[in-house]
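**Student:** To start, I am sharing the structure in question, which I have written as structure tokens.
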């Protein structure tokens, strides 16, 4: 069964609004989780590493003030897209895992900003 | 940081033929290389992986080879079937975070 869940699976919002995406580790307490973004017909791009109890680590080029990550518990990481615009429309996927071992991905969240 | 290049971007084969997808990576510290199959709108599914202390790994019709010296690794699918049609991604692990290749759209024609 799934070991990582995401909610919602899809969301449509108006430009300028904020959207929160939840990622839950169902079977394991995860001190670290990862957020990826995937535009249509493109690869998965790592956005940030979510660290429980501390600040997230963002990849180069990812706006930390726009993509707020909170990892308040060992089973939940959230990604908030603030002031979303059409260019933020994408497939957002979280994962958890350990270095050198299989990563477990969530089912993804399809965000459409009108 | 790590950079992963994947080729080809598209690959079309006849059912029963073999398919090969190649990737190169830049960071010699990377030591774990998974391959994923992704269907439209779905999460990536791990199909095979290899660690840097191994040169080759096989699982039924799927095999992966790794050349650490040259920093490249390849996915081999034999006896392809129409249900193998999907997008395939290679990746390199950097301390748990994955750096993905650009993807290969594989089409297996009956």
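**Student:** Scan the range B:73-110 for residues that are within 8 Å of chain A (Cβ to nearest Cβ), in a loop (DSSP other than H, G, I, E, B) and at pLDDT 95 or above and report the count.
**Tutor:** Within the range B:73-110, residues that are within 8 Å of chain A (Cβ to nearest Cβ), in a loop (DSSP other than H, G, I, E, B) and at pLDDT 95 or above number 3.
**Student:** Specify which of the listed residues (B:83, B:105) is within 22 Å of residue A:91 (Cβ to Cβ) and surrounded by fewer than 17 Cβ atoms within 10 Å (Cβ to Cβ).
**Tutor:** Details: B:83 fails: within 22 Å of residue A:91 (Cβ to Cβ).
From the options B:83, B:105, the qualifying one is B:105.
**Student:** Could you check the range B:29-47 and list, in sequence order, the residues that are within 8 Å of chain A (Cβ to nearest Cβ), more than 9 Å from the chain's Cα centre (by Cα), farther than 20 Å from residue B:83 by Cβ and buried (at least 20 other Cβ atoms within 10 Å of the Cβ)?
**Tutor:** The answer is B:32, and nothing else.
**Student:** Let me ask you something else. Is it true that some residue in the range A:16-36 is farther than 22 Å from residue B:45 by Cβ, at pLDDT below 95 and either touching a helix residue (DSSP H, G or I) at 6+ places or on another chain (Cβ under 8 Å) or more than 10 Å from chain B (Cβ to nearest Cβ) (or both)?
**Tutor:** Yes: the range A:16-36 contains one or more residues that are farther than 22 Å from residue B:45 by Cβ, at pLDDT below 95 and either touching a helix residue (DSSP H, G or I) at 6+ places or on another chain (Cβ under 8 Å) or more than 10 Å from chain B (Cβ to nearest Cβ) (or both).
**Student:** Restricting attention to the range A:54-69, which residues are outside any loop (DSSP other than H, G, I, E, B) and without any contact (Cβ under 8 Å) to a residue 12 or more places away in the chain? Full working, then the answer.
**Tutor:** So the first thing to find is which residues in the range A:54-69 are outside any loop (DSSP other than H, G, I, E, B), and the list is A:57-58, A:67-69.
Within the range A:54-69, A:57, A:58 meet the criteria.
**Student:** Something else about it: What is the number of the single condition among (1) in a strand (DSSP E or B); (2) within 14 Å of chain B (Cβ to nearest Cβ); (3) free of Cβ contacts under 8 Å to residues at least 60 places away in the same chain; (4) surrounded by fewer than 15 Cβ atoms within 10 Å (Cβ to Cβ) that residue A:72 does not meet?
**Tutor:** (2)
The values are calculated or read from the model by the stated rules, or taken from the named source; none is laboratory data. Keep in mind the model is a prediction, meaning the values are calculated, not measured. Please note: Cβ atoms are built from the backbone with ideal geometry, for glycine as well, and neighbour counts cover all protein chains shown.
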